[in-house]
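First the structure, in the form of structure tokens, and then the observations on it.
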Amino acid sequence: MTKYPWDDYLTERDKKVFSAAGFASRAGFGKRPAVIVVDVNYNFVGDKPEPILESIKEWSLSCGEEGWTGIRAIQKILAAARPKGVPVIYTTGTLRDDGFDAGSWAWKNARTVEDIGKKQLGNEIVADIAPQPQDLVIRKQKPSGFFGTPLMSFLTDLNVDSLIVTGTTTSGCVYATVVDAFSYNLRSMVVEEGCFDRGQASHAMALMNMNAKYADVIKLDETLSYLNGLPVPASMIPKKVANM
């Protein structure tokens, strides 16, 4: 039986309620997916793998070692997606030099406008999964990749009907992006091993809530099997091969 991170947090009562209420039905994959990598930048993982309590001394938003574990899973997903012509889209933050546009972020975290210059540099996507020339990068100021950005217009242009979701934080920007995708009637497959959070409980319960109501939470192996099974678009087949 498949085990998920939330299993240890749910009471027997909770399990019975969600089952009886009909939550967590499987929506399934779409016909034209895109991979979205939410906010996997240095602000959220630090500049090297190290325990989170060490990493947040320098990088206040870091998820520590869990982030680098997630990066290794994302590498595998990207390696499977790109040869099949699956669009890859990244999101990352943006911030003015004076921090004026920090807005509501500054209300709940005392370190939001601490060392703004470093945070701006930290919005660079981690080199291990750096965007390729054909990829899209969406810069955003709020949790959802959709809020105030052209993301949906790109998905419409690409005929995308579903998202394979990775990134951070599971309970924050990933969750907000998935809820907005659901609101746009897009299917979302959230890859458990490709998402991470600074809080273990918040990671587990965010996955549970998404799986219950807004998305399918799936394992890395299933994701790779799905991507590897997609056909190679004719446009990506060398002409000599295509004409044989």
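Inside the stretch 178-217, can you point out the residues that are touching a Lys or Arg at 6+ places or on another chain (Cβ under 9 Å) and closer than 21 Å to TRP68 by Cα?
So the first thing to find is which residues in the stretch 178-217 are touching a Lys or Arg at 6+ places or on another chain (Cβ under 9 Å), and the list is 179, 181-182, 191-194, 215-216.
Correct list: VAL191, GLU192, GLU193, GLY194.
With the structure loaded, tell me whether LYS31 is touching a residue at least 60 places away in the same chain (Cβ under 8 Å) and either over 19 Å from LEU207 (Cα atoms) or surrounded by 18 or more Cβ atoms within 10 Å (Cβ to Cβ) (or both) or whether it fails that test. Break it down into steps so the answer makes sense when it comes.
Details: touching a residue at least 60 places away in the same chain (Cβ under 8 Å): yes; either over 19 Å from LEU207 (Cα atoms) or surrounded by 18 or more Cβ atoms within 10 Å (Cβ to Cβ) (or both): yes.
Answer is yes for this residue.
Where residues in the stretch 73-112 are among the hydroxyl-bearing types (Ser, Thr, Tyr) and touching a strand residue (DSSP E or B) at 6+ places or on another chain (Cβ under 8 Å), which of them is nearest to GLN134 (Cα to Cα)?
Initially, the stretch 73-112 is screened for residues among the hydroxyl-bearing types (Ser, Thr, Tyr), giving 90-92, 94, 104, 112.
Then drop every residue that is not touching a strand residue (DSSP E or B) at 6+ places or on another chain (Cβ under 8 Å), which leaves 90-92, 94.
Details: TYR90: 12, THR91: 15, THR92: 17, THR94: 21 Å.
Within the stretch 73-112, the match that is nearest to GLN134 (Cα to Cα) is TYR90.
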(request) Any residue in the stretch 42-60 that's on the phi > 0 side of the Ramachandran plot: show its pairings with residues that are in a loop (DSSP other than H, G, I, E, B) and surrounded by 15 or more Cβ atoms within 10 Å (Cβ to Cβ) at Cβ separation under 8 Å, as long as the two are six or more apart or on different chains. (result) GLY46/TRP59; GLY46/SER62; GLY46/GLY64
(request) Kindly provide the set of residues from the stretch 64-107 that are touching a helix residue (DSSP H, G or I) at 6+ places or on another chain (Cβ under 6 Å), at negative phi and small (Gly, Ala, Ser), ordered by number. (result) GLY67, ALA73, ALA80, ALA81
(message) Please go through the stretch 108-131 and give me each residue that is out of contact with any helix residue (DSSP H, G or I) (no Cβ under 7 Å at 6 or more places or on another chain) and part of a loop (DSSP other than H, G, I, E, B), ordered by number.
(response) ASN109, ALA110, ARG111, GLU114, ASP115, ALA130, PRO131
(message) I'm checking my understanding of the structure. Among residues of the stretch 158-207 that are hydroxyl-bearing (Ser, Thr, Tyr) and assigned to a strand (DSSP E or B), which one is surrounded by the fewest Cβ atoms within 10 Å (Cβ to Cβ)?
(response) SER162
(request) Look through ILE36, ILE74, ILE52 and report the one residue that is in contact with a Lys or Arg (Cβ under 7 Å, 6 or more places away or on another chain) and either modelled with pLDDT of 95 or more or of a type in the set (D, E, K, R) (or both). (result) ILE52
(request) Return only the number of the condition from (1) surrounded by 15 or more Cβ atoms within 10 Å (Cβ to Cβ); (2) touching a residue at least 60 places away in the same chain (Cβ under 8 Å) that ASP135 does not satisfy. (result) (2)
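Which of the residues belonging to the stretch 36-61 are of a type in the set (Val, Ile, Thr) and surrounded by fewer than 22 Cβ atoms within 10 Å (Cβ to Cβ)? Don't jump to the end; show me each part of the working.
Residues of the stretch 36-61 that are of a type in the set (Val, Ile, Thr), as a first pass: 36-38, 40, 45, 52, 56.
ILE52, ILE56, listed by residue number.
For every residue, the table says whether it meets (1) modelled with pLDDT of 95 or more; (2) under 21 Å from TRP59 (Cβ atoms); (3) of a type in the set (A, V, I, L, M, F, W, C).
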residue: VAL174; (1), (2), (3): yes, yes, yes
residue: VAL179; (1), (2), (3): yes, no, yes
residue: PHE182; (1), (2), (3): yes, no, yes
residue: LEU186; (1), (2), (3): yes, no, yes
residue: MET189; (1), (2), (3): yes, no, yes
residue: GLU192; (1), (2), (3): yes, no, no
residue: GLN200; (1), (2), (3): yes, yes, no
residue: MET208; (1), (2), (3): yes, no, yes
(request) Would you check if ASP7 is in a helix (DSSP H, G or I), farther than 20 Å from SER144 by Cα, of a type in the set (Asp, Glu) and out of contact with any His (no Cβ under 6 Å at 6 or more places or on another chain)? (result) yes
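Of everything in the stretch 113-160, what is of a type in the set (A, V, I, L, M) and in contact with a strand residue (DSSP E or B) (Cβ under 6 Å, 6 or more places away or on another chain)? Give them in sequence order. Give the derivation first.
Step one: of the stretch 113-160, the residues of a type in the set (A, V, I, L, M) are 113, 116, 121, 125-127, 129-130, 136-138, 151-152, 155, 158, 160.
Selection gives ILE125, LEU136, VAL137, ILE138, LEU151, VAL160.
For the stretch 110-127, name all the residues that are in contact (Cβ under 8 Å) with a residue 40 or more places away in the chain and farther than 21 Å from THR177 by Cβ. Full working, then the answer.
Looking only at the stretch 110-127, we keep the residues that are in contact (Cβ under 8 Å) with a residue 40 or more places away in the chain, and these are 111, 114, 119, 121-126.
Once the filter is applied, which keeps residues that are in contact (Cβ under 8 Å) with a residue 40 or more places away in the chain and farther than 21 Å from THR177 by Cβ, the stretch 110-127 yields ARG111, GLU114, LEU121.
The values are calculated or read from the model by the stated rules, or taken from the named source; none is laboratory data. Please read these numbers as outputs of a predicted model, since none were measured by experiment. Here the Cβ is made from the backbone with ideal geometry for all residues, glycine too, and neighbour counts use every protein chain on show.
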